[in-house]
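Have a look at the structure below before the remarks.
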2 protein chains.
Amino acid sequence: MTTATTTGTATVAEELVSFCKDGRFLDAINTLYSPDIVSVESMGSETMPKEMKGIDAIRGKNQWWAENNEVLSSRIEGPFVGEDQFAVHYDFDVKFKPTGKRDRMEEMALYTVKDGKVVREQFFYNTQNA
Amino acid sequence: MTTATTTGTATVAEELVSFCKDGRFLDAINTLYSPDIVSVESMGSETMPKEMKGIDAIRGKNQWWAENNEVLSSRIEGPFVGEDQFAVHYDFDVKFKPTGKRDRMEEMALYTVKDGKVVREQFFYNTQNA
């Protein structure tokens, strides 16, 4: 059953983008994500599976990322709003702290909303920048 | 100067998705694209540059793709509409005719609208499916 409406989706979408523009990624998760959130990365690795489930796993992934990356600058565009999904365009200039390597990370995220909470996030990359 | 409004963007977005769901990709280009369209792929190659400009180049790229790939099934979700941009989620099951190899091609496309026409398209991939 889908109870989300375009209006509800837009509200969640605007709130998420507002948090992210302020660099408050963990607040976005704590406020807007369902306990049963599913997060789908483009590529998995030994330490980071392609698909993660549950808000604790997603919090851990984001905490790891925040601790290991310094965001030098960012551009966040959107939200782009559909019926029960919305998209956000991210473009980060980041430094990976352990190595000091600087990278551009450009991606689209596609979020699914149900009952006013984000239940799924999926990331798509511009691989040439990665 | 940006004259596109959310309403204008939504109209172009709905028309583009409608064409694509009918498999009429070239009609979408002919009807909705600016002569000065810029198309940005995730990765370039010797035969297919990362960035292509002008509607003739984009038509050529799409004709090549249509002639060399058979779409076995597709799922097209969206549009996801912003102010002067919109996104579409594509998931294709395709057979590359020259080799017979079957692949899943999942991507997000981000379109920019100006004066009622698509002036830029950029593609983001789920690389594990590619």
Of all accessible heavy-atom area on chain A, the percent that carbon and sulfur account for (1.4 Å): 50 percent
Just add up the charged neighbours of A:Ile76: K/R +1, D/E -1, any other residue whose Cβ is under 9 Å from the Cβ of A:Ile76. 0
Chains B and A: what accessible area do they bury, summed, in square angstrom to the nearest 100, with a 1.4 Å probe? 1900 Å²
Only Cα pairs within less than 10 Å get springs; with that Gaussian network setup on chain A, which residue of A:Phe86, A:Phe25, A:Phe96 has the largest fluctuation? A:Phe96
So how far apart, in nm, are the two label points at B:Asp91 and B:Lys21 if each is 7 Å from Cα heading toward Cβ? 1.6 nm
In degrees from 0 to 90, rounded to the nearest 10, what is the angle of the helix A:6-21 Cα long axis to the longest principal axis of chain A? 20 degrees
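Order of A:109-115, A:14-20 by packing, highest average Cβ count within 10 Å first? Please report the intermediate quantities before stating the final value.
Details: A:109-115: 21.0, A:14-20: 17.9.
Top of the packing list down: A:109-115, A:14-20.
Where the only charges are on Cβ atoms (+1 Lys, Arg; -1 Asp, Glu), what is the dipole of the protein assembly as shown about its Cα centre, to the nearest 20 debye? Don't skip to the answer; put the middle values down first.
On the way: 30 positive and 42 negative charges, 106 e Å.
Rounded to the nearest 20 debye, it is 500 debye.
Probe of 1.4 angstrom, ligands and nucleic acids ignored: what's the accessible area per residue over chain A, in square angstrom?
The answer is 50 Å² per residue.
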Relative contact order (percent) for region B:32-130, with alpha-carbon contacts under 8 angstrom and 6 or more residues of separation? 27 percent
Hz values of 3J(HN,Hα) by residue in region B:117-122 - Karplus curve (6.51, -1.76, 1.60), Gly and Pro given as x: 10, 6, 9, 8, 10, 9
In terms of the charge dipole of chain A, which places +1 on Lys and Arg and -1 on Asp and Glu at the beta carbon, the residue among A:Val119, A:Asn68, A:Gly82 farthest towards the positive end is A:Asn68
In chain A, lysine pairs 8 or more places apart or on different chains with C-alpha atoms under 29 Å apart total 24
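Let me spell out the model: positive unit charges on the Cβ of Lys and Arg, negative unit charges on the Cβ of Asp and Glu, origin at the Cα centre of chain B. What dipole size does that give, in debye rounded to 20?
It works out to roughly 300 debye.
The values are calculated or read from the model by the stated rules, or taken from the named source; none is laboratory data. If you're wondering where the values come from, they're calculated on a predicted model, not measured in any experiment. Positions of Cβ are generated from backbone atoms using ideal geometry, with glycine treated the same way; all protein chains shown enter the neighbour counts. Note: areas computed on protein heavy atoms with side chains; ligands, DNA, RNA excluded. Shrake-Rupley method; radii C 1.70, N 1.55, O 1.52, S 1.80 Å.
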